[in-house]
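Below: one structure, written as C-alpha cells.
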Amino acid sequence: MTVAWNAAMILLRWLPDFLGWLFQTSIMVSVLVGLVLLLKWALKDRLPVKWQYALWLIVLLRALLPWAPESSISMYNLFSVSEPSGRIDALIAQVAEQRHPGPDAAEPAAQEISPNGAAEVSGQASKMETTASPADSFQPSGGLTSKEGVYAGLFGLWLIGVIALSVYLFRINRRFAKSIVSGSHRTVNPEMEELLQSCQHKLSIRRKISLWITDQGSGPALHGLWSPKILLPSTIADQFSANEIKYIFLHELVHHKRKDIAVNWVMTALLILHWFNPVLWYAYRKMREDQELSCDAKAVSYIGQDEAKQYGHTIIKLLETLTAKPPRLLATANFSKNRMEIKRRITMISLFKKTSLKRTALGLILVAVIVSIALTNAKGKEGLSSPIVVPSGEYSIKDWLWYDDYTTSEKLGLVSKPDIKVEDKGYTFEIESVMADSSRVVITAKHFGPDGRFLQIPLEDGGIFIKNREGKVVATPAGSPGGTRPNVEEYIFLFKDTPPDQIVVQGKTDHIWADKKDDIKREKIEVNWNFEFTLDMTKAKRLGTSEALNANYTTPEGLQMEMKQFFRTPNGLRLDMDLDLNEELAKQAIPEWRQDVELWYHLETDDPNEKVKYFGSKIGSYRDQIRDVYDADSSVVHWSRTWPSSVVSPELKNVRFVLDEYSLPIKKEASVEIDLDQLAKKPVVFEDEGDKITLEKYGFETDPDTGKRILRLSGNGLYVNREHRDEWIALDVDGKTYSVQKRVGGNGTEDGGWMMDDWNLIIEDVPDDISKLTLKRTVVEKKFTDANWSVDLPSYTTLSWKNK
C-alpha cells in the first residue's frame, strides 16, 4: 500500500464530520439569508442602507463561526438542522446498503486471553476496580467500505468544484492584476495627490493609499488588501472636474475605511467553500449592491445634502464614460455598470437625508435581535451543545484505522482491554484497548468533559508512564497523533531498549487541559486521573526481534549519523538513529538546529513479489511514528521512525534505507543594497539559496495594530524557503539595525518552492526620511543534496509470528 493510499485512509476518518459541518453550515446560512431578504422586503426604505448592509455582515459571521452557544430563542429551534451528520450518515448507509445488500453482521464472540499470553492485565484504578476483560476479535478490512466510498465520492465532487472555481477566480484576478501593472502608473499630478490627501484627512485615514492612473476601461476601484491603491481611469482624470474626482475619492476611501475589500475576500472564500449553494451566490450579489448603497450614503454624509445631487450626476457620468465591465467576483471595491443598481443608487442619493434617531434605533434593535437569534444554535438535548456530534453506535477499529496493526496484533494475542475508567469532577478517562509489541505500546483511550464534549489532547503535559517492576521508566513519553476514529485518541510509547518481561502502565496526573467553549483557548483543570495495571510482555518479546546496529556516516558537510537499533515486529519496522554535527558544521548551524533538522530518505526492496519502492518524506509526516528526543545538555538528536505494516511489510526480507538529502538552519548572510528613491525605476533582486525575490515598491505607513511607523517593501518571485526558518534584519547607513517581518502570499511550484505574487517585508520604527538601507538575511534553511549513504537493514531466516 502506497503512502498516498495511507494518507487517503487518514482523510476518510474525517470526511463524515467535515461533510456534516459543511452541510449544516450551508443550510443554517441559507435560512439566515432568507430571513435577511424578508426583512429587507418588509422594511424597505424604513431601514437605513447602512443597517441593511450590516445584516449581511451577520450572515458572514454566522458562516465563519466554528462554534456558537445554545439558546432557547435561537431561530434554529424551528428547523431541524442542528445535527445534520446523523441524517447524512443515514442517507449514505441507505445508499451503501442498496449497492451492497447483505445481512446484518453480528459481533464476533469474545475470546478470553490466555493466562500466560502476552496481553495479561492486572492492577487497579483510582475510584474503580480493575479486572481483566476479554478482547474482541477484529476482522480485517478488505479496503473501502461502501459507506466510505460514498463519502469519498461526495468529497471528490465537492473538491472538483472548489478547485475549478478557485482556478477561475485566480485567473481573472491574476489577469486583472497584470492589466494594472502593464497599463497603470503612479500619478504625478500634485493637485490630484493633494485632493486625495484632503479626502483622507476628512475621513481620518492615516494609512498611505496610493493613486494609480490606469488606461484600462474599468474603474474607478479600490484594489489591494495589504497595499491599498485607488485605480482611476485616465479618461476620468482628464475629463472629470476636481469636485467630481473628489466624490470618487470619498466613495473609494469609505470602502477602505469600512474594510470592504476584506469583507469581499471573505465572502468570495465562502462562495468557494459553498459553491454548490445558489442561495449564497444570490446573497453575494445582494450584499455587493447594499455595500455600494451604504458606501454612497456614507460618502454623501461627508459632503452634505447640498452636494448630493452633484454626487449623483457624477455616478451617471461614470456610467456614460466607462466602457469595460469588470468581473463581479473580483475581491475589489469597483464601480458596477448594472443599470438597475445605478438606478437604485441614484434614487437613494436623491432622497438622501440624515438618519433620524428613530431609524437608527430601529436598525440597532433589529441587528441586536438578529444577532441573538441567528448567532446562537438550537437548544440541544441533555445539555449537549448542538455542534458536538457524538457518533451513534460503536465503530469498529477496522473501519477507521489506516493501518492493520490491530488486526494482526489481535490474532496474535497482543491486544488487551483493561477495565480502566477513572472520573474526577465530571472529567472521565477510559482505556479502550492496549496494543503492545517488542517495539512500542499503543494505548487507545476516550476522555470526555462534564458536558459530554470530547477532550482533545488533555494530557499535553504528560501523565501516563511505562515502567518496569522496579519503577524505572522504560519507554519514551507518550506521543499522540490524534484520534484514530471519532472521540478516540492514541497514546504511543516507544521502548528505549528490549522491554522487560512485565511492564507497569501508570497514570498519574493532577491536572489536564481542555478547550474552552470557544474551542480556541484552553484552560488548566485540576483533576486526578490515577490508575495502574501490568502487562505481561513475554509473548510480545518472543514475537519480535531487535538488533543493535553499527552503521555510521558523516555527510561531506559534517552531519554525523549513527544507526543504533532496528526492530522487526508483526506491526511493522522501526529504525533508531542518532544525529549530531561535527565541529565545523556546528559553527555554521544555529543553536536551535535540533528543532528544525529535516531528513529526506526512501526505502528500497529487491523482493521479487514486491513491486513498490516505499518512499519516505520529510520529518514531520507520520507524526505518530516519529520521536525527536534530545536533552538540553546534549547536542544529539535521537531520531526514531516506525513504518506500520501497511506501509512496509515486516515480512520483506531485504530492506534498504537510502538517505537522499537533508536540511538544517544555518547562519549565512546574504544582503542587498536598496535605494528607495530608485526602487520604482530600478527594482532590486535578492538571490540566495534558491530564492529569487524582486523588490519593486515601497511605502511608509502606520501599523493599525501597533501604531508603529513601518516601511513596507513589496515584490514577487520564487521563495523556496517559505516553509522553512529564515531570519531578516535591515540596516541604515549608520549601521543601526531594524527588525524585519515577512508577510507573503503565493502558490506552490512543482519542485517544492513557492511563487510569491505578494511578497512583503515589514521594517519597524524606520524614520520617514530614510532613503538607503541594507536588507540582510542572517539565517536560512540550507538543503544539502550531496548525501550518499544507504544501509541494508537486518534480514531474517524465519519469523516467529508466522503460523501462530
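The values are calculated or read from the model by the stated rules, or taken from the named source; none is laboratory data. Computed from a prediction, not measured in an experiment: that's the story for all the values here. Positions of Cβ are backbone-derived with ideal geometry, glycine not excepted, and every protein chain shown enters the neighbour counts.
Can you tell me how many residues in the range 259-295 are touching a residue at least 60 places away in the same chain (Cβ under 8 Å) and part of a helix (DSSP H, G or I)?
Number of matching residues: 22.
Could you check, for the range 591-606, whether at least one of its residues is modelled with pLDDT of 75 or more, assigned to a helix (DSSP H, G or I), farther than 25 Å from S439 by Cα and out of contact with any Gly (no Cβ under 8 Å at 6 or more places or on another chain)?
Yes; the residues of the range 591-606 include at least one that is modelled with pLDDT of 75 or more, assigned to a helix (DSSP H, G or I), farther than 25 Å from S439 by Cα and out of contact with any Gly (no Cβ under 8 Å at 6 or more places or on another chain).
Restricting the first residue to the range 724-738 and requiring it to be over 18 Å from L676 (Cβ atoms), which pairs with a second residue that is of a type outside the set (A, V, I, L, M) meet a Cβ separation below 6 Å and a spacing of at least six or different chains?
Listed by first residue and then by second, the contacts come to H724/E781; R725/D596; R725/P665; R725/E781; D726/R777; E727/T778.
So that you can scan it fast, the table gives a plain yes or no per residue for (1) of a type outside the set (S, T, Y); (2) modelled with pLDDT of 65 or more:
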| residue | (1), (2) |
| --- | --- |
| S621 | no, no |
| D624 | yes, no |
| V629 | yes, no |
| V636 | yes, yes |
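Here are some residues: A333, A361. Which one is under 30 Å from L38 (Cα atoms), loosely packed, with under 15 Cβ neighbours inside 10 Å, out of contact with any Lys or Arg (no Cβ under 7 Å at 6 or more places or on another chain) and modelled with pLDDT of 60 or more?
A361
With the requirement that a residue be part of a helix (DSSP H, G or I) and either charged (D, E, K, R) or modelled with pLDDT under 75 (or both), what does the range 296-315 give you?
D296, K298, Q305, D306, E307, K309
If Y403 passes every condition in (1) closer than 30 Å to E547 by Cα; (2) at pLDDT 85 or above but one, which one does it miss?
(2)
Quick check on the range 721-759: of everything there that is modelled with pLDDT of 65 or more and in a loop (DSSP other than H, G, I, E, B), which residue is surrounded by the fewest Cβ atoms within 10 Å (Cβ to Cβ)?
Checking each candidate, the answer is D734.
Taking the criterion of being more than 22 Å from S640 (Cα to Cα) and aliphatic (A, V, I, L, M), would at least one residue in the range 531-547 satisfy it?
Within the range 531-547, one or more residues are more than 22 Å from S640 (Cα to Cα) and aliphatic (A, V, I, L, M).
Can you tell me which residue in the range 407-462 is farthest from I525 (Cα to Cα), limited to those that are part of a helix (DSSP H, G or I) and not charged (D, E, K, R)?
T408
Okay, residues lined up against (1) among the hydroxyl-bearing types (S, T, Y); (2) exposed (fewer than 15 other Cβ atoms within 10 Å of the Cβ):
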| position | (1), (2) |
| --- | --- |
| A445 | no, no |
| F448 | no, no |
| D451 | no, yes |
| L459 | no, no |
| V488 | no, no |
| W529 | no, no |
| T534 | yes, no |
| T555 | yes, no |
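Rundown of residues vs (1) buried (at least 19 other Cβ atoms within 10 Å of the Cβ); (2) touching a Pro at 6+ places or on another chain (Cβ under 7 Å); (3) at pLDDT below 90; (4) assigned by TED's automatic domain parsing to the domain that holds S645, yes/no style:
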| position | (1), (2), (3), (4) |
| --- | --- |
| L384 | no, no, yes, no |
| K398 | no, yes, yes, no |
| S409 | yes, yes, yes, no |
| E423 | no, no, no, no |
